[in-house]
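See structure below.
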Amino acid sequence: MAKTKVTAPQNSNSKTNADIKKKIQMLGNEYATAIEDHQKASNDVKRLQKKIQRLTTLHQMHQKPALQKRIQKKQEGLKKIQKKLKKALKVEELKKDEMEEAEASWKFEAMCSGEAYQEDGQWKWRE
């Protein structure tokens, strides 16, 4: 009797474990970048808030008529800083949203692929 070789059809769309692991690592890197961007935006907000507070205090200390021109310049500077703060707050919120999306994508892919799991709050790779 002749032996026949049975072959299963190859699915070119299937992903290998290495491909899945690479995707999870890429998503993890995006998440880490999003965290860093959010932290930078938060630091900008804090810096600008401190600057506004300092200028406001300085303005309150110099209410003398002889210093009106200087006070006016400080007020103009304060307005510019407040505009920057408003923009920085928007950027911070955007970066926070991006960070949360990246985290969700990363965790979803890791869990669905079965390549990683969470134990005691730590993500671990399956061997």
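7 Å from Cα along Cα→Cβ at both Gln82 and Glu127: what's the point-to-point distance in nm?
For Gln82 paired with Glu127, the spin-label model returns 6.1 nm.
Label Thr56 and Asn43 with points 7 Å out from Cα along Cα→Cβ: what is the distance between them in nm?
Computed distance between label sites Thr56 and Asn43 equals 2.4 nm.
With charges set only on the Cβ (+1 for Lys and Arg, -1 for Asp and Glu), what does the dipole of the range 19-112 come to about its Cα centre, in debye to the nearest 20?
For the range 19-112, the charge dipole is close to 1300 debye.
Roughly what would the spin-label model give for Thr33 and Glu101, points 7 Å off Cα along C-beta, in nm?
Result: 1.3 nm between the two label points.
Work out the FRET efficiency for Lys90 and Lys69 from their Cβ-Cβ distance, taking R0 = 35 Å, and round it to the nearest 0.05.
Calculated value: 0.60.
Taking H as built 1.01 Å from N, whose amide H comes closer than 5 Å to the amide H of Ala116, not counting residues under 5 places away?
Amide H to amide H, under 5 Å and 5 or more residues apart or across chains, Ala116 pairs with Arg126.
What is the gain in length, in nm to one decimal, between Phe108 and Ala18 on full extension, counting 0.36 nm per residue of separation less the C-alpha to C-alpha distance?
That works out to 30.7 nm of additional length.
Each value in this text was obtained by applying a stated rule to the coordinates, not by laboratory testing. Predicted model only: the values in this text are computed from it and were never measured. Cβ coordinates were reconstructed from backbone atoms using ideal geometry, including for glycine residues, and neighbour counts include every protein chain displayed.
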